[in-house]
1. Restricting the search to the range 153-172, which residues are part of a helix (DSSP H, G or I), touching a helix residue (DSSP H, G or I) at 6+ places or on another chain (Cβ under 9 Å) and open to solvent by 20 Å² or more (accessible area, probe 1.4 Å)?
2. List every residue pair whose Cβ atoms sit under 6 Å apart, with the two residues 6 or more apart in sequence or on different chains, where the first one lies in the range 220-243 and is closer than 18 Å to Cys374 by Cβ and the second, anywhere, is modelled with pLDDT under 85 and in a loop (DSSP other than H, G, I, E, B).
3. Pick from the range 128-152 the residues that are part of a loop (DSSP other than H, G, I, E, B) and of a type in the set (D, E, K, R): which of them is most open to solvent (accessible area, probe 1.4 Å)?
4. Would you check which residues across the range 173-210 are closer than 20 Å to Asn23 by Cβ, surrounded by 14 or more Cβ atoms within 10 Å (Cβ to Cβ) and either of a type in the set (D, E, K, R) or in contact with a Gly (Cβ under 7 Å, 6 or more places away or on another chain) (or both) and list them?
5. From the list Val22, Val67, Val32, Val59, which one is open to solvent by less than 60 Å² (accessible area, probe 1.4 Å) and under 22 Å from Phe187 (Cα atoms)?
6. Collect the residues in the range 339-356 that are without any contact (Cβ under 8 Å) to a residue 24 or more places away in the chain and of a type in the set (A, V, I, L, M, F, W, C), keeping them in residue-number order.
Amino acid sequence: MESHDPIRMFQEAYDKVKMLPVNIMVLGKSGVGKSTLINSVFRENLTQTGIGKPVTRSVKAIRKEGVPVVVYDTPGIELNSSNQKSLRTEIFDKIKEMAMMPDEGDHIHLMWYCINANANRIEEFEIEWIREFSEKVNIIVVLTQSHGKDSLHFQKFIDGLNLPVANVCRVLAQPYESGSGHIEPAFGLEDLVDVSYECLPEAYRLAFANAQKVDIERKTMVCNHVVLTFCATAFSTGFVPVPVADSAMLVPQQIVMLAKLTKIFGLPVDRAYLTYLVSAVLGTSGATVAGKTLFANILKFFPGVGTVAGGAISGSTAAVITGALGFSYIQILAKIAQASKRGETITNDKILETVQTTFKAKMSDKRFFRNMVCQLKKYMKLEKGFED
């Protein structure tokens, strides 16, 4: 297979997207629902399909190939004071040991301390543990099984303790059916994901966005930023005195962009998927053909065409094509992710159709042109030659 084969280019770019795994420790008394929480937040039902490797006598690190998170799962805390003391020492020593590692990738980046909100009680030893552990790691208190109004009062009580934690999140990981037959829908997982994301070191946020499956908007926000970065690169590539809509330089950049977006969403890829995807990118409705019309449409944003203005037009053409393709692809990725949450699938034919349809719509939308050009105007600071 030749190195310029677009399918091979995509696969190589996908494989090169490296994410530093995020390390999260989950702790709480027996019966709080740690496994349910973990499987509800992360892809691949992690506690069921991941591989658990003991790192201490009681703590195991759960990993799964392709999911860039390591969950340090702890045994349920028992009420026996002797067992509590032994487990507390074991966990604290492990956190302290990892915190002393020179590589931040070996640290515990976040702890979820789980408390059963339905029990409506926090033990004194738990308060002590949280205060002690918070000296070494960021902690989010997760109030699990938060069904009914009492959980809201319990959250206010925990907030009133002024514990040294990043936040207190109420969560109902799975729908709850009361004795009367009323079903309370799951809630709180997206809030937990958002709070966790903000608590993590910058270098590990991309991995967390990939590994979590509940907050599609968070994945979309991360991907939007990636697309704008590639648009800026396309602008620079196209900043020459002639149009570059037909340039072979654009396609490799766009394939790399699509590969990175796919990786961030955590979607698996196979030959059939790649064939359909590349068809969407390189097909007759793709970037090369559309660019010829787009070049003419962008002219109105410039009062004259000299060497600099011509380069700006050409760069804008490349950037808008790249942006239209990237944002269209993000929309279908979000739909695939939402369908997966519902246990549904979207066919490759539908993926191809949706990307092409959305791409065409953006390429004919003057508001999209103006928005993209205005963003490029700010990015490149090309105040002269642009109209507001």
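1. Passing the criteria: only Gln155.
2. Filtered contacts from the range 220-243: Gly238/Val244.
3. Lys149
4. Asp194, Arg205, Asn210
5. The unique qualifying residue is Val32.
6. Ala339, Ile346 - these are the residues of the range 339-356 that are without any contact (Cβ under 8 Å) to a residue 24 or more places away in the chain and of a type in the set (A, V, I, L, M, F, W, C).
The values are calculated or read from the model by the stated rules, or taken from the named source; none is laboratory data. None of the values given here were measured: they were computed from a predicted structure. For neighbour counting, all protein chains shown are included, and Cβ atoms are generated from backbone atoms with ideal geometry for every residue, glycine included. Surface areas here come from the heavy atoms of the whole protein model, side chains and all, with no ligands, DNA or RNA. Shrake-Rupley method; radii C 1.70, N 1.55, O 1.52, S 1.80 Å.
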